[in-house]
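The structure appears right after this line, and notes come after that.
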Amino acid sequence: MVVGTVPSVVTGTMREESERAKIGAICSQQAQLSQALNGISDKAKEAKEFLVQLKNILQQIQENGLDYEACLVAQCDALVDALTRQKAKLLTKVTKEREHKLKVVWDQINHCTLKLRQSTGLMEYCLEVIKENDPSGFLQISDALIKRVQVSQEQWVKGALEPKVSAEFDLTLDSEPLLQSIHQLDFIQMKFPPVPLLQLEKCCTRNNSVTLAWRMPPFSHNPVEGYILELDDGDGGQFREVYVGKETLCTIDGLHFNSTYNARVKAFNSSGVGPYSKTVVLQTSDVAWFTFDPSSAHRDIVLSNDNQTATCSSYDDRVVLGTAAFSKGVHYWELHVDRYDNHPDPAFGIARINVVKDMMLGKDDKAWAMYVDNNRSWFMHCNSHTNRTEGGVSKGATVGVLLDLNKHTLTFYINGQQQGPPAFENVEGVFMPALSLNRNVQVTLHTGLDVPQTVRPPKLPSN
């Protein structure tokens with residue numbers, strides 16, 4: 001009996017395993033079917049939404065079709081009205097030409113009729129005189145009659161018996177170009193360009209310059225002929241055009257330091273100007289990084305060290321400017337004296353772009369400077385020397401220049417100590433860092449510096 005029951009137990013176990021396998025397979029198939037049903041349900045939902053979209057498009061097509069038909073009728077009616085007005089103008093010209101011709105011909109008829117009547121009367125009178133049998137009487141009046149006949153004959157000058165105008169009208173209507181234009185009249189696919197997209201990852205600032213980049217949206221088929229880039233004044237003022245052209249990357253230089261600018265761009269084509277892009281906000285640098293400017297320096301100026309070190313090949317003073325221009329804000333830079341031989345008088349300060357460059361800085365009205373030797377310094381503008389102050393420079397000295405366009409003052413420092421009082425007040429406009437030196441001096445420019453917050457008490461001017 002025991003031996004006989006073993007196959008039955010094995011068979012039951014196998015049957016259970018088979019049932020479990022079937023159940024597992026069914027569950028798996030059910031899960032797959034459920035997942036597939038969810039997918040097709042989502043597609044069915046999308047299809048319903050798509051059908052709604054298509055029905056909306058049908059309605060829009062109907063509405064837009066009626067609008068376009070009305071617009072077409074209005075445009076054609078305008079063309080017909082224009083042609084009718086031009087027709088009236090042309091008919092007026094024809095009427096004037098006809099009336100002019102008629103008047104000329106009637107004047108000629110009346111004139112010729114009068115002359116003909118006079119000539120006929122004279123002829124009849126002369127014939128009667130010739131028939132008279134009184135020779136003595138004929139001789140008395142014959143000379144006078146001959147003269148009258150000759151005068152009458154002379155009045156019929158050449159061309160008097162020719163029409164002054166032609167019956168033809170010298171007016172030809174050139175309607176062929178208009179007919180061709182009418183035959184070629186058709187629809188064109190022209191629309192305003194879409195909104196440009198600012199590429200924020202490429203928009204950046206450097207010093208007092210901003211760079212902006214933009215592109216057209218994908219799948220945009222409307223033609224673009226160019227772009228208009230606008231920038232405000234950095235102080236929340238009105239926008240102004242700073243670029244018009246086909247490029248999609250633009251850098252604007254010469255802006256204010258430490259200022260917030262708003263920029264926007266729009267595209268245009270022959271149909272008109274498209275809408276503005278979103279506005280991007282760009283902040284210029286708080287401090288200025290700049291070098292000496294080789295393009296505007298006097299030819300005797302010698303620059304090295306990536307245009308940060310300057311000297312001169314002449315014994316005369318020569319001027320070099322910086323590459324930055326300041327019109328607002330507070331700015332500070334330093335110049336390190338690398339070489340100082342034979343007690344020269346280098347001058348440090350600011351200047352206009354058109355400063356004279358072949359003499360010491362501050363001798364003309366385009367520069368504000370401090371010139372200094374190894375013992376003392378002076379402030380100079382328009383060749384006026386003021387505020388002599390003890391304390392000079394030597395090799396290794398550092399001269400600091402503080403331009404405060406908020407307070408409109410210019411102040412100088414030597415080795416971290418203020419040199420005299422504020423050198424100049426009421427300085428307004430656009431200024432560039434400036435330096436004059438000769439071959440006995442070499443200085444190195446240091447920029448991107450914070451404004452000095454704590455300084456030693458200034459040296460007082462000497463009497």
Q) What does the charge count near residue 194 come to, summing +1 for each Lys or Arg and -1 for each Asp or Glu among other residues with Cβ under 14 Å from its Cβ? A) +3
Q) Simple spin-label model, 7 Å along Cα-to-Cβ: residue 60 to residue 18 in nm? A) 6.3 nm
Q: Report the normalised scattering of the chain as log10 I(q)/I(0) at q = 0.07 Å⁻¹, calculated by the Debye formula with identical scatterers on the alpha carbons.
A: -0.72
Q: Give me the accessible area per residue for the range 248-366, probe 1.4 Å, as a whole number in Å².
A: 44 Å²
Q: Rounded to the nearest 10 degrees, what's the angle between the helix 2-131 long axis and the longest principal axis of the chain, both from Cα atoms, 0 to 90?
A: 30 degrees
Q) How far apart, in nm, are the 7 Å Cα→Cβ label points at residue 440 and residue 206? A) 4.0 nm
Q) How do 300-313, 343-356 rank on mean C-beta neighbours within 10 Å, highest first? A) 343-356, 300-313
Q) What fraction, in whole percent, of alpha-carbon pairs in the range 347-463 exceed 17 Å separation? A) 53 percent
Q. Quick one: which of 328/357; 87/115; 45/266; 43/202 span more than 31 angstrom between C-alpha atoms?
A. 87/115; 45/266; 43/202
**Q.** Helical contribution to [θ] at 222 nm, DSSP H n ≥ 4, -39,500 (n - 2.57), averaged over the chain, rounded to 500
**A.** -13000 deg cm²/dmol
Q: Report the calculated FRET efficiency for residue 220 and residue 306 (r = Cβ-Cβ distance, R0 = 51 Å), to the nearest 0.05.
A: 0.70
Q) Fully extended, how many nm does the chain gain between residue 390 and residue 184 (0.36 nm per residue separation, minus their Cα-Cα distance)? A) 65.3 nm
(Q) Net charge within 13 Å of residue 230 by Cβ-Cβ distance, Lys/Arg positive one each and Asp/Glu negative one each, not counting residue 230 itself? (A) +1
Q) Around residue 38, what is the net charge, scoring Lys/Arg as +1 and Asp/Glu as -1 over all other residues with Cβ under 14 Å from its Cβ? A) 0
**Q.** Karplus-derived HN-Hα couplings along the range 316-321 (A = 6.51, B = -1.76, C = 1.60, θ = phi - 60°), whole Hz, x at Gly and Pro
**A.** 8, 6, 10, 10, 10, 9
Q. Packing-wise, with mean Cβ within 10 Å as the measure, how do 441-453, 423-435 rank, highest first?
A. 423-435, 441-453
Q.
Considering only protein heavy atoms and a probe of 1.4 Å, how much of the accessible area of the chain is carbon and sulfur, as a whole percent?
A. 55 percent
Q: Filter the chymotrypsin sites (Phe, Trp or Tyr not before Pro) in the range 255-324 down to the DSSP loop ones having no more than 14 other Cβ atoms within 10 Å, then list what survives.
A: 289, 315
**Q.** Distance-filtered residues of the range 122-143 - backbone nitrogen under 18 Å, label point 7 angstrom along residue 150 Cα→Cβ
**A.** 123, 126, 139-143
Q.
Taking 0.36 nm per residue of sequence separation and subtracting the Cα-Cα distance, how much length would be gained by fully extending the chain between residue 86 and residue 49, in nm to one decimal?
A. 7.9 nm
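The values are calculated or read from the model by the stated rules, or taken from the named source; none is laboratory data. This is a predicted model, so every value here is computed, not measured. All Cβ positions, glycine included, derive from the backbone under ideal geometry; neighbour counts span all protein chains shown. Each accessible area value is taken on the protein alone, full model and side chains, heavy atoms only, with ligands, DNA and RNA left out. Shrake-Rupley method; radii C 1.70, N 1.55, O 1.52, S 1.80 Å.
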